[in-house]
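Right, one structure below, let's go through it.
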Amino acid sequence: MSTYTQRHHFLLDVWREEVHPEQVEWRGKVQHLPSGEAYYFRDWSTLIGHLETLLTPRADADNHNL
């Protein structure tokens, strides 16, 4: 059994933005630190989708580890 654990490091920036005088929305940015790839989001489900995209192995990234 392997004890190797793959880790990913992200920078998460979240802020409140006034849309109208009485309406505030949460906004954010998630950045995958090793690659620098970043996504902006306006709701939590979009954040989760971006994280899944950033965590999906890609063939071109795998070739760098050969």
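The values are calculated or read from the model by the stated rules, or taken from the named source; none is laboratory data. Source: prediction; values computed, not measured. A quick note on method: Cβ atoms are made from the backbone with ideal geometry, for glycine too, and the neighbour counts reach across all protein chains shown.
Some notes on this structure:
- Among residues of segment 26-45, those that are among the hydrophobic types (A, V, I, L, M, F, W, C) and not in a strand (DSSP E or B), counted: 2
- Some residue of segment 18-25 being outside any loop (DSSP other than H, G, I, E, B), modelled with pLDDT of 90 or more, in contact with a Lys or Arg (Cβ under 8 Å, 6 or more places away or on another chain) and of a type outside the set (Gly, Ala, Ser): yes
- In segment 44-51, the condition of being touching a Lys or Arg at 6+ places or on another chain (Cβ under 9 Å) and at pLDDT 90 or above is met by no residue.
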